[in-house]
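Beneath this line is the structure, given in structure tokens, with notes to follow.
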Amino acid sequence: AFTILVAHRFGSDRLTDIVFNALVLPSALVVILGAWIPSAVVTVFRSTQVTGGEEEAWKFARSASGVLFVGAAVLCLVGAAASPLIARVVGPGFSAEDRALSARYMALALPIILFSSWAAALKGILNANQSFLLPALDTLFLNLVSVGVVIAFGARWGGAALTVNLAPTLAHAA
């Protein structure tokens, strides 16, 4: 439904090319972190639970969430600062104006790394505690929010609405 809505609202033109180009790095990072973080958290959380007890496992979970948040924030800031250079590398055929817009959209999409890292850690914690329903429903919630934002703000925000929505949606689909 989301892909059909995006195609209907935005079509396939220069702007969508710029947006998809801008999402190369954020989407790749979300996929990598989304695959790595939950399994690492499950492993360490369960191991800490067995060796140190429930309280120690939750202490690890709080610490890991904080470290992930700070690390993701640093990654976002570095990525945003480097986005003009990155846009040049991933979009060599674009004009200078298109690369500048791609860099701006890339910087706009990078904060999804903060949220997806935190969500991945929560998935790992929930899975380690034998809770599988909520982590399994994340795709449903993501798609509902994405469709809602495009419907509500697509006409007003244009490429920015597309960027904010496609970063997590494309990464999650990969």
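The values are calculated or read from the model by the stated rules, or taken from the named source; none is laboratory data. A quick note: this is a predicted structure, and the numbers were derived from the prediction, not measured. Because the Cβ atoms are built from the backbone with ideal geometry, glycine has one as well, and the counts that use them run over all protein chains shown. Surface areas here come from the heavy atoms of the whole protein model, side chains and all, with no ligands, DNA or RNA. Shrake-Rupley method; radii C 1.70, N 1.55, O 1.52, S 1.80 Å.
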**Item:** Simple Cβ-charge dipole of the chain, Lys/Arg +1 and Asp/Glu -1, about Cα centre, in debye nearest 20
**Value:** 180 debye
**Virtual paramagnetic centre 7 Å along Cα→Cβ of D17, amide N under 12 Å, in region 71-93** = 91-93
**Prompt:** What is the diffusion coefficient of region 13-66 in µm²/s, taking the Kirkwood radius over Cα pairs and the Stokes-Einstein relation at 10 °C with a viscosity of 1.306 mPa s?
**Reply:** 119 µm²/s
**Item:** Debye, to nearest 20: dipole size of region 43-114, +1 on Lys, Arg Cβ, -1 on Asp, Glu Cβ
**Value:** 140 debye
**Item:** Net lengthening on full extension, F153/L77 (0.36 nm per residue, minus Cα-Cα)
**Value:** 24.8 nm
**Between region 114-162 and region 2-64, the Cα center-to-center distance that results, in Å** = 10 Å
**Complete:** With the dipole of the chain defined by +1 on each Lys or Arg Cβ and -1 on each Asp or Glu Cβ, the option from I125, G93, L144 whose Cα lies farthest towards the positive pole is G93
**Asked** Which order, highest average first, do 53-63, 111-121 follow once you tally other Cβ atoms within 10 Å for each residue and take the mean per peptide?
**Response** 111-121, 53-63
**Prompt:** Can you give the accessible area per residue of the chain, in Å², using a 1.4 Å probe?
**Reply:** 54 Å²
**Complete:** Options (i) 1, 7, 11, 11, 10, 10, 9, 9, 7, 6, 6, 6, 4, 2, 1, 0, 0; (ii) 1, 7, 11, 13, 12, 11, 10, 10, 10, 7, 5, 2, 1, 0, 0, 0; (iii) 1, 9, 16, 18, 17, 14, 10, 7, 4, 2, 1, 0 for P(r) over Cα pairs in 5 Å bins from 0, in percent; the value derived from the coordinates is listed as (iii)
**Prompt:** When the accessible area of region 31-174 is computed with all protein chains present and a 1.4 Å probe, what percentage of it is carbon and sulfur?
**Reply:** 73 percent
